[in-house]
Amino acid sequence: MMVYDSCHVVFPKTLLVCSYFVFALVSNCAEAGFFRNNFLNPSSNSHLIEKNAFLSKIKEMFYFGYENYMKHAYPEDELNPTFCRGRGHDFSDRNNININDVLGDYQLTLVDNLDTLAILGNVSEFRKAVNLIINSLSFCKDTIIQIFEGTIRYASYDLTFRVLGGLISAHLLITDSRNRFGLLRPHNYSNELLTLAHDLANRMMAAFESPTSIPFPRIHLGNGRIAGPSNETCLAGAGSLLLEFGTLSLLLNDSTYAVVAKRSVEALWSRRSKVTGLLGKLLLIGMRTKPAVPSEFELET
């Protein structure tokens, strides 16, 4: 049994995912006959016992973080384990990019974990979470968000991967005709998650209005305009958008989003070093074609 003080642990999503994939890799190798001992023999009793124990521990880890987030932090973006309360955008300090590049008051943790609830088979909690998001989530926020570039705290591209990707993946799970994770569709669901994803992507499109087709790193979420002084972005952030944007284009039957993501990748490819074939960590984007967001924001719905 895990013994933790409530809240005083960082939400273990990354550890959960890593554990799941390590377990899947070992199990697949065992089933392919790569291992000979009883522990990794899928037909042995010891293997089944260890497998079930491992799966149980993964679920325990997830629900410890999820339930404490819902109890102490929702609807803010994440749980601050030090103070056992929610944490969102830092409106008191616009220059606090360690927080503000990631947290935009869009229920980040809940959106990001919809697919995990489905994978763990918790249909009722999945439906409840989807309804919470449908009834309360809006992207008309007075927040400047870093769309693509990774941060030290997360080393990921939160707005694209965790929010846009979370909405799209949950919609795909709900509309899966084979119901591989159960009957996930909430009552009267009418593509609301896809509508939210569409709205978010439209707010992000201004970032691609650069002379190089490489997107600017930050937008003002409320009015979808380029924000911040930076004319540089990171390699991974500019080149890792095709999955989410391409899937959105497929679902909407609108190539706009896939096209801008593809152009960004092509722009990166054309800038490879002639000597090494590689790119640098940071890339200059070029001058803006439209002015940045002023200090006083005008929200647009």
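Bear in mind that the values in this text are calculations on the coordinates, not laboratory data. Being a predicted model, the structure only gives us computed values, none of them experimental. Positions of Cβ are generated from backbone atoms using ideal geometry, with glycine treated the same way; all protein chains shown enter the neighbour counts.
Here the label points at residue 142 and residue 252, each 7 Å from Cα along the C-beta direction, are separated by 2.7 nm in the simple model.
Provide the net charge surrounding residue 278, with neighbours chosen by a C-beta distance below 12 Å and charges set as Lys +1, Arg +1, Asp -1, Glu -1. Once positives and negatives cancel, what remains is +4. Classify the stretch 121-284 as rounded, prolate or oblate, taking a ≥ b ≥ c as the square roots of the eigenvalues of its Cα gyration tensor: rounded when a/c is under 1.5, otherwise prolate if a/b is larger than b/c and oblate if not. Since a/c reaches 1.5 and a/b is larger than b/c, the shape of the stretch 121-284 is classed as prolate. Using 0.36 nm per residue, how much length does the chain from residue 95 to residue 49 gain when fully extended, once their Cα-Cα distance is taken away? Taking residue 95 through residue 49 to full extension adds about 11.5 nm, to one decimal.
Extension gain for residue 176-residue 271 works out to 30.2 nm (0.36 nm per residue, less the C-alpha to C-alpha distance).
Protection proxy ranking for 132-145, 205-218, using the average of other Cβ atoms within 10 Å per residue and placing the highest first: 205-218, 132-145. Mean separation of Cα pairs under 8 Å and 6 or more residues apart, divided by the residue count, gives the stretch 121-284 a relative contact order of 24 percent.
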